[in-house]
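The values are calculated or read from the model by the stated rules, or taken from the named source; none is laboratory data. Keep in mind it's a predicted model, so treat the numbers as computed, not measured. Heads up, the Cβs are rebuilt from the backbone with ideal geometry, glycines too, and the neighbour counts pull from every protein chain shown.
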Amino acid sequence: MSVDYAVFVGLDVGKGEQHACALDPGGKKLHDKPLPNDEQRLRALFGKLNTHGPVLVVVDQPASIGALPVAVARAEGCQVAYLPGLTMRRLADLHPGNAKTDARDAFIIADAARTLPHTLRRVDAGDEALAELEVLVGFDDDLAAEATRVTNRIRGLLVTIHPALERALGPRLHHPAALELLARFGGPNGLRDAGREQLLTVARPLAPRMAGRMVDDVWAALEAQTVLVPGTSAAETVLPRLSQSLRSVLDQRKQVAAEVEAMLDAHPLAKVLITMPGLGIRTTARLLLEIGDISAFATPGHLAAYAGLAPVTRRSGSSIKGEHPPKGGNKALKRAMFLAAFASLSDPESREYYDKKRAEGKKHNAALICLARRRSDVIYAMLRDRKPYQPRRKNRTRKPSAA
């Protein structure tokens, strides 16, 4: 962040009202009052402060309830940044008093902007495509959580009334054929009454290749348990509804994925990222939202630290404790990097590096973190240079020339 600002404004944002504290470079308060979350009042404050010179507005939430102050500040020609919540809480311990008030929080934000600019994070400069992408990705995250919840509920019911049937259908619940069987016939009694041939008739159009194997597994499971567990009848009325609910959620995820893919096709940086092995539609979208155009990170090391992938060295005097994985960082970005590294294991170059780390004695997750750290440097270079992924060229051993 630039230090050539005449005013540093800290906003502790809220739904209906926020507190604004404005400091000059010397720490003198220029403004310290509650501020309604209203465009006209925000414009009036920012316009007044602009008379002192360049203004930096810092919020504690750049999205959600902080979206309007950010948009109005930009419209009034102010620069915008945000202070992460964990950093803010740590800085609060350096200020006297234990009170938790909006006024105190706003002052801490403004003072951090004035004295510790390195703690601030950039707010992407109003990219409409990224704003729309963030809404869709957030909705997809909600759908993913709902799909997990409903899936666990179905498997829990099946385990309760018929464990063998859960082993047959549980791992296949996201397949349309498995959901159709449960939605149409309910549970073990309904499946048994339908008969093998009818199960095949229902499953085959949705799973031409695996229908026979699936039905065989279901029928073997039904024959393995003949006792009726209490609650089975009620479960058979609930399972079809849960199956239909899960099918609806999965269909919505497919629709959202198509919409996200269309947005990524129109974004130049997405076309660069998607060329890297292991990066799909959802992980590419998450990287774009969390990293932006990479201009906020001075070096690859800064990006790795922000993602929580850079190892932390712990020392005490002359005793060297070694390096440990960090506990902080952007958790959403770290998860995307980790999942992309796992997905890239089918790529020979990534697999070679992963196998090398395993041979050094690292466990699976530790080796994946090492791979994600290595790939983080590559992602940085790709975004910095606006160039697609290029595999490393191995030096070929030259054959000795004939004498």
Test: residue in segment 39-51 that is surrounded by 14 or more Cβ atoms within 10 Å (Cβ to Cβ), of a type in the set (Ser, Thr, Tyr) and out of contact with any Phe, Trp or Tyr (no Cβ under 9 Å at 6 or more places or on another chain): no
Residues that are touching an Asp or Glu at 6+ places or on another chain (Cβ under 8 Å) and either part of a loop (DSSP other than H, G, I, E, B) or among the small types (Gly, Ala, Ser) (or both), drawn from segment 244-264: 257
In segment 212-263, the residues that are among the small types (Gly, Ala, Ser) and in contact with a helix residue (DSSP H, G or I) (Cβ under 8 Å, 6 or more places away or on another chain): 212, 220, 221, 224, 231, 233, 235, 243, 245, 257
Residue under evaluation residue 105, criteria (1) charged (D, E, K, R); (2) surrounded by fewer than 18 Cβ atoms within 10 Å (Cβ to Cβ); (3) under 29 Å from the mean Cα position of the chain (by Cα), criterion not met: (2)
Hey, residue 238 assigned to a loop (DSSP other than H, G, I, E, B) and either in contact (Cβ under 8 Å) with a residue 60 or more places away in the chain or under 12 Å from residue 189 (Cα atoms) (or both) or not: no
Residue within segment 135-157 that is modelled with pLDDT under 90 and of a type in the set (Asp, Glu) present: no
Residue 114 vs. criteria buried (at least 19 other Cβ atoms within 10 Å of the Cβ) and in contact (Cβ under 8 Å) with a residue 40 or more places away in the chain: yes
Residues of segment 212-223 satisfying the condition of being surrounded by fewer than 19 Cβ atoms within 10 Å (Cβ to Cβ) and under 37 Å from the mean Cα position of the chain (by Cα): 213, 217
Output for segment 68-100, where each listed residue is touching a residue at least 24 places away in the same chain (Cβ under 8 Å) and in a loop (DSSP other than H, G, I, E, B): 76, 77, 78, 83, 84
Members of segment 277-298 found to be in contact (Cβ under 8 Å) with a residue 12 or more places away in the chain and more than 18 Å from the chain's Cα centre (by Cα), listed by number: 277, 295, 296, 297
Segment 155-196 - residue that is surrounded by fewer than 19 Cβ atoms within 10 Å (Cβ to Cβ) and β-branched (Val, Ile, Thr) and, of those, nearest to residue 232 (Cα to Cα): 160
Residue in segment 197-207 that is under 38 Å from the mean Cα position of the chain (by Cα), more than 30 Å from residue 285 (Cα to Cα) and surrounded by fewer than 15 Cβ atoms within 10 Å (Cβ to Cβ) present: yes
Hits in segment 28-38 - residues which are loosely packed, with under 13 Cβ neighbours inside 10 Å and either over 9 Å from residue 110 (Cβ atoms) or acidic (Asp, Glu) (or both): 28, 33, 36
